[in-house]
Amino acid sequence: MKRLTEKEEAIMTIIWQLEKAFAKEVMEALPEPRPHINTISTTMRRMVDKGYLKVEDFGTTHRYYPAMSKKDYTQSFIKPVLAGLFGNSIKNVVAFFAEEKEISPDELKEIIAMIEGEKTEEKK
């Protein structure tokens, strides 16, 4: 599956949040300047053809819903990046962002707390 374009990802993010949505609802959730409703409808139909969305027909109106979860989509594109750029190492990813000052000590502490929380849950 090909990665979504930036505009398609914006639409997909809205649909993941809403779970099911008509084109008008997607348009209203997009930031200004909003594309024309016909542009959104055409994009969503293409996303159906690509396999990212499914559609329910209501006569002349269509409601769209995700064909895959956000987690599945993210994993399918993040894992190859991790493997190629960071030697499949999360540690290398975090180190990169720390060196670039893109992650704060507080954010690192939150990540550590999440990991330690998971380890605590596994021991129960």
Cα pairs beyond 18 Å in the chain, in percent, come to 64
Computed, not fitted: 222 nm per-residue ellipticity of the chain from DSSP H runs ≥ 4 (each -39500 (n - 2.57)), nearest 500, equal to -20500 deg cm²/dmol
Any residue on another chain or 5+ positions along whose placed amide H is under 5 Å from the amide H of Lys54 is listed here as Tyr65, Ala67
Given unit charges at Cβ for Lys, Arg (+) and Asp, Glu (-), the dipole magnitude of region 70-123 about its Cα centre in debye, nearest 20, is 220
Contact order relative to length for region 6-66, counting C-alpha pairs under 8 Å separated by 6 or more residues, stands in percent at 40
Relative contact order as a percentage, region 1-113, C-alpha pairs under 8 Å and 6+ apart, gives 21
Whole-Hz Karplus couplings 3J(HN,Hα) for region 7-14, θ = phi - 60° and coefficients 6.51, -1.76, 1.60, Gly and Pro as x, run 5, 5, 4, 4, 5, 4, 4, 5
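By counting other Cβ atoms within 10 Å of each Cβ, how are Glu28, Glu6 ranked from fewest to most?
Glu6, Glu28
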Listed by chain and number, the residues whose amide H is under 5 Å from that of Phe22, excluding neighbours fewer than 5 places away on the same chain and using placed H, are Tyr64
Under the Karplus relation with 6.51, -1.76 and 1.60 and θ = phi - 60°, whole-Hz ³J(HN,Hα) for region 83-92, x at Gly and Pro, equal 5, x, 9, 10, x, 6, 10, 5, 4, 5
Taking 0.36 nm per residue of separation between Arg3 and Gln75 and subtracting their Cα-Cα distance, the length gained on full extension comes to 24.8 nm
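Since every read-out is calculated from the coordinates, none of them should be taken as a lab result. Keep in mind the model is a prediction, meaning the values are calculated, not measured. Methodologically, a virtual Cβ is constructed for each residue, glycine included, from the backbone with ideal geometry; neighbour enumeration extends over all protein chains shown.
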